[in-house]
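So the structure is just underneath, and the comments pick up after that.
The values are calculated or read from the model by the stated rules, or taken from the named source; none is laboratory data. What you see is a predicted model; the values in this text were computed from it and never measured. Backbone-built Cβ (ideal geometry, glycine too); neighbour counts: all protein chains shown. Each accessible area value is taken on the protein alone, full model and side chains, heavy atoms only, with ligands, DNA and RNA left out. Shrake-Rupley method; radii C 1.70, N 1.55, O 1.52, S 1.80 Å.
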Amino acid sequence: MATACAALLTGAAPVAAATPFAMPSNPAADQLDWWKHAVVYEVYPRSFADSNNDGIGDIAGIDRHMDYIQALGVDAIWMTPMFPSPQADFGYDVADYDGVDPQFGTVADVDHLIADGKTRGVKLILDFVVNHTSDTHPWFVQSRSSRTNPYRDFYIWRDAKADGSPPNNWTSIFGGSAWTADAKTGQSYYHYFYPQQPDLNWRNPKVEQAMFDAAAWWLKRGVYGYRLDAVDAMFERPDLKDNPLTSGTDAFGMPNQSRPNNDNQPEVHSELQKLRAQVIDRYPGRVLIGETWTDNAADLVRYYGPKNDELQLPMFLNLMTLKTLTAPDLRARIQAVESNPVGGWPCFALSNHDNRRVAGRLPLPPGASTDDMAKLTGALLLTLRGTPVLYYGEELGMVNNDPTRVEDVQDIIGKKGWPLEKGRDGERSPMHWDASINAGFNNGAKPWLPVGPDYATRNVAAQMDDPNSVLTLYRTLISARRTNPALSGDYVQVAPDDPQVLAFQRSGGGHKVLVLLNFDDKPADVALAGVGAAKIGHIIASNRALPSADGVHLDPLGVFVADIE
């Protein structure tokens, strides 16, 4: 990446954007609530950059590209699990919370990443897997050794029914029963995910203390917080009541069911309040981000806590699962998040390591490209009030590179559920750095997943100096979030009945910014008078849009962000 970085340093500045290595500093970076003014960047270490050419990305690879991360303008990296693990679920099966898997590096590498980030104003957030461990974790090895072992109640063990069937009808979201029989002790253990991921028993105070100690261990080393994985599933009903069945079967052939008895239990919230009070708040400026899958904004509000004393940033994730985005639907969902009664700070994401990349998963109107979709969804994410979480490569408009044959699948979900479930390999393909072999991910060793077929043209080096690229639009809007006080201010809907265009204003510090996003498959014309604007000032970002004296014409997927008077 050295050559590409040098080109970025000396290249011409993109239109309406700060020069890449002159990203304006974030004046809120050292405040306790820095996360309100931040852009968070999710990095999947296996796929970001491979420093030792073994085919697997690593922490040193991330560190090698810190100049790019700084130039992008993000304020924090969320790094998915790099802990020691047998990799049954690619790191989400943790065997030791206080270490680093050798394939990713060492604890010293994490320390170095933290230090390098500090010099660049980029904080490190780790993924904390709170619901379960690996079945190779010493706690579980002890737990399964006998029914009287002191670690037995670190996990959830039950007898089978009289007929030998599992203790209840719960199914794993990764296929099959949520119970696995263990011959050594004659009982079954519970796992919301894979059998290799036994659920912790958070009702045991010793589990709570051990996990709180693990969280504090990394905070002492300079980590700035955690994204809590599978936080919804931390608790189950004590009586293990059967879940109600729904119609049809899942991708693995099991009857579908709703999960009121092993998901979103009330004890989750009291436990998060304790984690916040006893661990996180003892380290100034630290933050908790939640993988909070809720059906609506009202359910999301519960994760802030009654006194904003749980998660600072519960993520509003249901935009990831929508098959289409429309202005009326988005308007209603955003307004519901904005209107939460406890005043919690919004947090939005559109892609991640478990869900298809947004630029390629939504239908395109005639004449539009995935780049246009990437610009539209990026503009949405980066102009809303709240903290956006970007997924690596999203700023390039990367799309899924899904396997076409079951023998090529790495993800166990895909192996078990093929062809109805193809797994998550597609959204985890290596980052596109340049047009060299393997997209610059490494120096030639076969990557653990194949790079996308469009890497020769869709990469950092190709986009960094292109004023019309997806990357330029992202950098421009991230820079504007730092320099334009309106983008740190209020959110106000305008044109609330427009069926095509999501229109809103951001206002603060005596400035106003108008955002117009056409989610329709037909052109739209927006009159300035209809959106509370008399005159357009500086155009911050634009794509497929044409302003005039009294309005803006937007093609399908059109983007228009500008200062207004």
Report, please, the projected area of segment 408-565 averaged over directions, based on the convex hull of its C-alpha atoms, in nm².
12.6
One can check that the equivalent ellipsoid of segment 514-565, built from the alpha-carbon gyration tensor with semi-axes equal to the square roots of five times its eigenvalues, has lengths in Å, largest first, of 17, 11, 8
Charged-residue dipole, Cβ positions (Lys, Arg, Asp, Glu), segment 219-282 about Cα centre, Debye nearest 20:
480
Looking at the calculated P(r) for segment 322-386, what percent of the C-alpha pair distances fall above 21 Å?
29
In segment 219-345, how does Rg compare with the Kirkwood Rh, expressed as the Rg/Rh ratio over alpha carbon atoms?
1.02
Can you give the local net charge around R147? Use residues other than it whose beta-carbon is closer than 14 angstrom to its beta-carbon, Lys and Arg +1, Asp and Glu -1.
+1
With the full set of protein chains in place, find how many percent of the accessible area of the chain is carbon and sulfur; take the probe as 1.4 Å.
53
Highest to lowest packing among 109-122, 24-37, 67-80, scored as the average C-beta count within 10 Å:
67-80, 109-122, 24-37
Beyond 22 Å, what percent of the Cα pairs of segment 352-451 remain?
39
Taking the Cα atoms of segment 483-545, report the difference between the largest and smallest coordinate on each principal axis, in whole Å and largest first.
35, 23, 19
Point-charge dipole on Cβ atoms (K/R +1, D/E -1) for the chain, about Cα centre, debye to 20:
580
Taking θ = phi - 60°, what integer Hz values does the Karplus form 6.51 cos²θ - 1.76 cosθ + 1.60 yield along segment 218-231, in sequence order, with x for Gly and Pro?
7, 4, 5, 8, x, 5, 9, x, 9, 9, 8, 7, 6, 5
Debye log10 I(q)/I(0) at q = 0.14, 0.25 Å⁻¹ for segment 85-188, Cα point scatterers
-0.70, -1.39
Which value, in Å to one decimal place, does the Kirkwood hydrodynamic radius take for segment 123-177 when every pair of different Cα atoms is included?
13.7
If N is the number of residues in the chain, what value comes out of its Cα radius of gyration divided by 2.2 N^0.38 Å?
0.97
How would you order 504-510, 430-436 from highest to lowest mean count of nearby Cβ atoms within 10 Å?
430-436, 504-510
Accessible area per residue, Å², the chain with all protein chains present, probe 1.4 Å:
37
For segment 116-125, in residue order, the Karplus 3J(HN,Hα) values (coefficients 6.51, -1.76, 1.60; θ = phi - 60°; whole Hz; Gly and Pro = x) are 5, x, 4, 5, 10, x, 10, 8, 10, 10
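Percentage of Cα-Cα pair distances in segment 153-244 greater than 21 Å, rounded to whole percent?
Here the long-distance tail beyond 21 Å is 39 percent of all Cα pairs in segment 153-244.
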Radius of gyration and Dmax over the Cα atoms of segment 408-492, both given in Å
18.1, 51
